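These notes concern the structure reproduced below.
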Amino acid sequence: MALTAPATRPMNARFSSGPCAKPPTFTLDTLADAALGRSHRASVGKAKLKAAIDLTREILGVPADYRIGIVPASDTGAVEMAMWSMLGARPCTMIAWESFGSEWVSDVVKQLKLDATVLKADYGRIVDFGSVDFDTDVVFTWNGTTSGVRLPNGDAIPADRQGLTICDATSAAFAQDLPWDKLDVTTFSWQKVMGGEAAHGMLILSPRAVARLESYTPAWPLPKIFRLTKGGKLIEGIFAGETINTPSMLAVEDYLVALAWGKSIGGLAGLMARADANAKAIFDFCDARDWIDNLAEDPATRSNTSVCLKFTDPRITDGAAFAKAIAKRLEGEGVALDIGAYRDAPPGLRIWCGATVETADIAAMLPWLDWAFQTEIAALAKAA
C-alpha cells in the first residue's frame, strides 16, 4: 500500500535541543540596536549587560538578595566555575541521570579528585532525592537534556540543609518553576529555552553560596575565568554586568530581544504554558500509538522541554539504525531538523518543546513522524 505524505508542513522545522529555535517574532532587524564595535566596558555595553541581568531576575522571579552574573563558556562554564570554586569545603554528593550530570560526576571525581558520594539512575529514571544527604554539597541537573527526565519539584530539599545545592538548570530555566529557596547555585545558558546564541552562561548565587565563596579557598589553583573573589570578597562587578572576559555584544542583544519577547507573552507563566502545550501535543501523540513512548518512565518526571522518545515496536531489531533513519528521513523532507537522540543516550528521538517553538509546528510535524515510521517499517518488511 502506498504511503501518502502529509500535506501540511511546519512553518519552522527547527526542533534542535541547543541551540534552540529563535523566538517566533525574531528577525535580524530586531538586533539593530546591538552595541557593535563598542567596548563592553563602555557605558552602553555595561548598561546592556546590566539590563540582561535585571530582566532575567524579573522574569525568573530570582530573589533580590541573589546575585546573577554573566560568565564565559555557556552553562558548562558556569557549572565548572561553581564546582571548582566551592566544592571541597565539606563532603559532596554527585547526582546523575543523564549525560551532562555524568560529566559533572567525572569532573569532580577524576579532575578535582574528591571522594564524592555518587548517585546515578538509568536513562528514563531519576534518583530518589529522599535518599540524598543534603548536609553534603549536592550537585545535580534539574532537567536532563539528554534523557527528557526532570525533577518534578524541590520538596525533598530541606530548608535547613547544611550543604550547598548546585543545580544545572540549563534546559529548565524559563520553562519550569524553579524553587529559589532550595537552590544555592543555579546555572543555565542563553541558547536553550530563550533561543539565544551560545557561549554565554548565567550563574545565580544565593547568600549561602556567597558566604561559601568568601569563607573558603579551594586547595587547587583557579584559572582567571573561574575566579569569583578577590581578597576574600566577592567580585561584585561580575554580578552587575562587568564580565570576566569580553562577551559578544551581538549575543547580548539577541538575549535581550528574547527576554523582551518572553516578558511580552506573560513572563515565566506564559513561557511555561507554551512549553507545556508543546510537550502535551507529543505526549498525546505517543499515548495514541503503540510503537512509540516517552523515555521518561514516570509521567511526573517528563520534561516539557527536551522530550525524549523511544521506539517500542517489536519489529525493530536495530533501534539505533531505525531511529537514525527516521531522523534522516524527516530532515530530508525539511519537516524536523536535529531531532536525533543525544549520542550517549538510548536510541530514539529528542524533540525540543521549549517556549520558542510554536505548538502549531509540533502539530504539523507529528503526522510526518507517523508517515516516516510507517515508511521505515515497510522498508524493513520489504528487506526481510
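Below is a table of values for the structure above.
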quantity	calculated
Positive dipole terminus of the chain, leading residue within Leu309, Thr27, Leu3 (C-beta point charges)	Thr27
Separation in nanometres of the label points that stand 7 Å from Cα toward Cβ, at Tyr216 and Glu331	4.2
Built amide H within the under 5 Å cut-off of Thr165, gap 5+	Val138, Asp184, Val185
Value of relative contact order over region 237-325, rounded to a whole percent, pairs C-alpha under 8 Å and six or more apart	18
Cα centroid of region 1-33 to Cα centroid of region 107-180, whole Å	32
Net dipole in debye of region 184-315 [+1 Lys, Arg Cβ; -1 Asp, Glu Cβ; about Cα centre; nearest 20]	460
Whether region 139-257 is rounded, prolate or oblate, judged on the alpha carbon gyration tensor where a/c under 1.5 counts as rounded	oblate
MRE, 222 nm, helices only [DSSP H, n ≥ 4, -39500 (n - 2.57), over the chain, to nearest 500]	-10500 deg cm²/dmol
Full-extension gain in nm, Ala381 to Ser248, via 0.36 nm per residue minus C-alpha separation	42.7 nm
Accessible-area order (highest first, 1.4 angstrom probe) of the listed residues Thr217, Thr165	Thr217, Thr165
Percent of Cα pairs exceeding the 24 Å cut-off, where the set is region 25-135	49
Global geometry of region 257-356, whether rounded, prolate or oblate, following the gyration tensor of its Cα atoms and the 1.5 cut on a/c	prolate
In Å², nearest 10: area of Thr312 left accessible to a 1.4 Å probe	60
Given (i) 229; (ii) 125; (iii) 141, the label whose value is volume of the Cα convex hull per residue in Å³ derived from this model	(iii)
Lysines whose Cα lies under 21 Å from that of Lys324, excluding same-chain neighbours fewer than 8 positions away	Lys310, Lys382
Nearest-20 debye value, the chain charge dipole, Cβ charges on Lys, Arg, Asp, Glu	920
Stretchable slack from Glu58 to Arg289, in nm (0.36 nm times residue separation minus alpha-carbon distance)	79.1 nm
Cα-projected label distance for Met11 with Ala260, points at 7 Å along beta-carbon direction, nm	2.0
Partners for Lys46 among lysines (Cα-Cα distance below 30 Å; same-chain residues under 8 apart left out)	Lys22, Lys192, Lys224, Lys230, Lys233, Lys263
Highest average packing first - 190-202, 87-99, 230-242, Cβ atoms within 10 Å	190-202, 87-99, 230-242
Accessible area of Ser74 in the full protein assembly, 1.4 Å probe (Å², nearest 10)	20
q = 0.16, 0.19, 0.22, 0.29 Å⁻¹, region 207-270: log10 I(q)/I(0) [Debye, one scatterer per Cα]	-0.75, -0.85, -0.93, -1.21
Which of Leu205, Gly231, Thr146, positive extreme of dipole for region 144-236 (C-beta unit charges)	Gly231
Of Thr305, Thr27, Thr243, the one that fluctuates the most in a GNM where the chain has Cα springs shorter than 10 Å	Thr27
Cα-projected label distance for Gln111 with Arg41, points at 7 Å along beta-carbon direction, nm	2.8
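The values are calculated or read from the model by the stated rules, or taken from the named source; none is laboratory data. Predicted model only: the values in this text are computed from it and were never measured. Don't worry about glycine lacking a Cβ; one is built from the backbone with ideal geometry, like all the others, and counts go over all protein chains shown. Just the protein is used for accessible areas: all its heavy atoms, side chains included, with ligands, DNA and RNA removed. Shrake-Rupley method; radii C 1.70, N 1.55, O 1.52, S 1.80 Å.
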